[in-house]
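Encoded as structure tokens, the structure appears first; notes follow it.
The values are calculated or read from the model by the stated rules, or taken from the named source; none is laboratory data. Just so it is clear, the model here is predicted, and its values are computed rather than measured. Positions of Cβ are generated from backbone atoms using ideal geometry, with glycine treated the same way; all protein chains shown enter the neighbour counts.
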Amino acid sequence: MENSLTEYYSDKREDYFDCDRPEMRPFIPDDCKSILDVGCGRGFFAASLRQVPNRTIWGIEPDKDCIPIAEKNLDKIIHGCFEPDLRLPEGHFDCIIFNDVLEHLLDPDTALIYAMKLLKNNGIIVASIPNILHFPIMWKLVTRGEWTYTERGILDKTHLRFYTRKSIATMFTQLGYQINRIDGINPYHSMEPEDEKLWRYYKLLEKVPMPSVHDMRYLQFSVIAKK
């Protein structure tokens, strides 16, 4: 019998939940004082945000093994999935963070609609979302016909959705958000070490003046979307 998603998450290496994501810190404005980190893992990213004084940071995490450590890094931790049954306070948060979370959800639209209710009038969503146009992924698909799921990275076996820059913008705008910015992050980086050598082939393409070719260099996109 095939593993369920729950079993897949329980099989993840411990460091899967430990990323402190320093490249995402600049996207959290200093004036955001009430923050919700969805899928916070063990709370290391949230802990790094405490450099700004007078912040209150809550987290939501479905993996129960992460909770004891997350409790030390956040003001409040909730064990569960991000859904209306949590009864979180509406209009409470300046910022809701989805760092590599939306692609794991069966219905990310519903999550973003719920998030809108929880944000203050000027609140924002900050998200990191993997880029399916990443060059090593596209190279192996086009030249070898390969689409192989992995333990982590863009083709993580627990990913249920796949995005490009354009589809990210479409998702947010169709749900009523205003896109403040979408930036490519982690350029020329691969989660699989053996993929690093493929970037020499990208050098043959990168000067082609097409947005989709430019986007292939990025592992993820960061998004700031306003309510």
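Within region 177-199, how many residues are outside any loop (DSSP other than H, G, I, E, B) and either among the acidic types (Asp, Glu) or closer than 23 Å to residue 149 by Cα (or both)? Before the answer, list the steps.
We begin by selecting, within region 177-199, every residue outside any loop (DSSP other than H, G, I, E, B); these are 178-187, 193-199.
Filter once more, keeping what is either among the acidic types (Asp, Glu) or closer than 23 Å to residue 149 by Cα (or both): 183-187, 193-199.
Going through region 177-199 one residue at a time, the tally reaches 12.
Can you say whether residue 4 is of a type in the set (S, T, N, Q) and at pLDDT 95 or above, as far as the supplied structure shows?
Numbers: of a type in the set (S, T, N, Q): yes; at pLDDT 95 or above: no.
It is false that residue 4 is of a type in the set (S, T, N, Q) and at pLDDT 95 or above.
Taking region 121-133 as the search range and keeping residues that are part of a strand (DSSP E or B) and not polar (S, T, N, Q), which one is surrounded by the most Cβ atoms within 10 Å (Cβ to Cβ)? Working first, answer last.
Applying the first criterion (part of a strand (DSSP E or B)) to region 121-133 yields 121-131.
If we keep only those that are not polar (S, T, N, Q) as well, we get 123-127, 129-130.
Working: 123: 22, 124: 24, 125: 25, 126: 21, 127: 28, 129: 26, 130: 24.
Result: 127.
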**Study point:** Tally, over region 166-186, of residues that are over 16 Å from residue 98 (Cβ atoms), surrounded by 12 or more Cβ atoms within 10 Å (Cβ to Cβ) and either among the small types (Gly, Ala, Ser) or touching a strand residue (DSSP E or B) at 6+ places or on another chain (Cβ under 7 Å) (or both)
**Key:** 3
Exercise for review: Can you give me the number of residues within region 134-154 that are touching a helix residue (DSSP H, G or I) at 6+ places or on another chain (Cβ under 7 Å), of a type outside the set (D, E, K, R) and part of a loop (DSSP other than H, G, I, E, B)?
Suggested key: 2
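Given the criteria modelled with pLDDT of 95 or more, surrounded by 15 or more Cβ atoms within 10 Å (Cβ to Cβ) and within 26 Å of residue 26 (Cα to Cα), does residue 189 qualify? Reasoning before the result, please.
Numbers: modelled with pLDDT of 95 or more: no; surrounded by 15 or more Cβ atoms within 10 Å (Cβ to Cβ): yes; within 26 Å of residue 26 (Cα to Cα): yes.
When the stated conditions are applied, residue 189 does not pass them.
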Study note, to complete from the structure: Log entry, pairs with first residue in region 216-227 being touching a residue at least 40 places away in the same chain (Cβ under 8 Å) and assigned to a strand (DSSP E or B), second being hydroxyl-bearing (Ser, Thr, Tyr) and buried (at least 23 other Cβ atoms within 10 Å of the Cβ), beta carbons closer than 6 Å, six or more apart or on different chains, reads 220/128; 222/128
